[in-house]
Structure formats: structure tokens, C-alpha cells
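In what follows, a single structure is set out as C-alpha cells and then discussed.
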Amino acid sequence: MNHSQHRQEQHSLSMMYGTYADILFVLFPFLIIAMQRLWDGNLYHTLMQPDLSIAAIILAGLAMGKFVLGLVTNQDLGRYKERIVFFIALTLFLVLGPAIILLLSLTSDAEVPRFVAFVQPVLLIIAISLYTTAVSIANLLTRTSDGGGRVDLDQPYPDSAVSRGAVDHPPLDLPRRTNNDAH
């Protein structure tokens, strides 16, 4: 593995950790609520409450923000603009719209249909997938281009302290054990 591939792999790994940290941060309050309901013996009621729809709405909103960030930061997208707009529409159509409808329906006094226990986790999974895709696209598009519209993979951190030489390792790069390290 050459140096460029190693840096690209490290950047991808750092991006993955950051993305999943965002997702866990959003889901943390809902995990606490679910744990309390589990303690009370009402875990099934979590699926019948609007909690998962709220989490899906938050993640869908974050995903749309990342897609828009990718659109506005790189003006030379050409044919790829339509694809990003498609992902924004997909997020609205598959997650945001149904989750808002479920939220409003679940907060009314009407009886909750049983299919909601299946639909809400599916919406949350789709929202997580779209958010992960949005972060990947936004990070790819916000990196420095080499003039031809392609991403310069030799500079994965163009505006970071790493590229300025302030630190000698990329973010989240764990130090390696050397032969000089003694136990």
C-alpha cells in the first residue's frame, strides 16, 4: 500500500467514525427513553410512540443539510447536480414526509395501528443510510479539486492542521506500537 492509499484509507476511516458518532449522538436520548421503558416493562410501547419518527426526522434533516452543503460548496458538479437533488428528493419522499405524518398521527388521540411498530424502525434505518450517504458525498465534494473536477486524493485534508504541518498524523489515527516501545 503506497502513502496515498494509506492516507485515503485513514481519511475514510476518520470520516466513518465521525459519521457514526453523529448518529449515536442523535440517537442517545432515544436510547435513554427506550432503556427507561424497558426497565418499566413497556419496551414494545417505544415502537408505538413517536420517538423513532422524531429521530428519523432529525437524521433526515441532517442528511438534507449535508446534501445541500455538497451542492453549494462545489459549483463544478455538472451532471452530478441532478443526482444530489435526487437524493434530497428521496430523503423528503422516503423519510421526512412519512416520519412527519407518523409523528402527527401518533400524537393525536387516534388508536395507533400495529404496522407503525414496523414502519418506524424502517424509516430510522433509511434515515441513517441516507445520512451516511450524504456525509460521504459532502466530504467528497468539499475536498480540494485538482482543476479537472476530480478530487485530489493526495490531499485528503487540504485545510487542516495536517496539511499545514502543524501535526504529523491525521485525525483519529491511533499511534502504532514500535519496536522501541517496551512494556
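Give me the percent of accessible area attributable to carbon and sulfur for the stretch 1-155, probe 1.4 angstrom. Carbon and sulfur: 67 percent of the exposed surface of the stretch 1-155. Annotation: peptides 103-113, 30-40, 56-66, ranked by per-residue average of other Cβ atoms within 10 Å with the highest first, follow the order 56-66, 30-40, 103-113.
Across all Cα pairs in the stretch 1-118, the calculated P(r) in 10 Å bins from zero up to the longest distance comes to 12, 29, 31, 18, 9, 2, 0 percent per bin. For the residues His45, His3, a 1.4 Å probe over the protein chains yields an accessible-area ranking, largest first, of His3, His45.
The values are calculated or read from the model by the stated rules, or taken from the named source; none is laboratory data. Predicted model, so just to flag it, every value in this text is computed and none were measured. Methodologically, a virtual Cβ is constructed for each residue, glycine included, from the backbone with ideal geometry; neighbour enumeration extends over all protein chains shown. We work out accessible area using only protein heavy atoms, side chains counted, and drop any ligands, DNA or RNA first. Shrake-Rupley method; radii C 1.70, N 1.55, O 1.52, S 1.80 Å.
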